[in-house]
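See structure below.
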């Protein structure tokens, strides 16, 4: 059994989808990041950076419970645990890792900033909006070119695709139109149609969500007092 500590964000959905794809038994523990659950001491024991997702595998590498945070690390761990969605042959394995790192270092941070400054910043900052919207567009072009040459990011469906797909679900809030990227749209639709992806997307559907009010903004976007709990 795996305990999954998560919320309805792209990084959370990565792990929902992965667990559905590999068929491991898991229990979902919602961490309401608008309320500040991510700063609770018990959660910080397994995720010291106060970010979701995190897991506790009760059948860890040595047969004992094993905790892990950071979505990319969790995807690699689950792939190696099950022998799925990351090849063992070095050339193919490192191609998966390459595109996984592309998501972790570029797609997530840059698209996240575009989303933030376009949708959540209390005051519009034109420079920030333009900078991150343009960078999001550049990354969409990189992905579209790659997917014009390969069916999936690393050639075969892998954790690189699982990591990247959820970040594109909010393309409109990033100032992009996925329909303008034919190869990317083909890939996106193919992944979205997978039964395990559909199940993963539904994991948190019925979870009540706190309102996005001023307190939620304070908690989510830099309220350092919560970090001293």
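Table for the structure above
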| read-out | value |
| --- | --- |
| Number of the exception - residue 65 against (1) surrounded by fewer than 17 Cβ atoms within 10 Å (Cβ to Cβ); (2) in contact with a strand residue (DSSP E or B) (Cβ under 9 Å, 6 or more places away or on another chain); (3) touching a residue at least 12 places away in the same chain (Cβ under 8 Å) | (3) |
| Residue within segment 149-158 that is part of a loop (DSSP other than H, G, I, E, B), over 19 Å from the mean Cα position of the chain (by Cα) and at pLDDT 95 or above present | yes |
| Matching residues in segment 191-213 - criterion: being under 21 Å from residue 147 (Cα atoms) and either out of contact with any helix residue (DSSP H, G or I) (no Cβ under 9 Å at 6 or more places or on another chain) or outside any helix (DSSP H, G or I) (or both) | 193, 194 |
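The values are calculated or read from the model by the stated rules, or taken from the named source; none is laboratory data. All values reported here derive from a predicted model rather than from experimental measurement. Cβ atoms come from the backbone with ideal geometry, glycine included; neighbour counts cover every protein chain shown.
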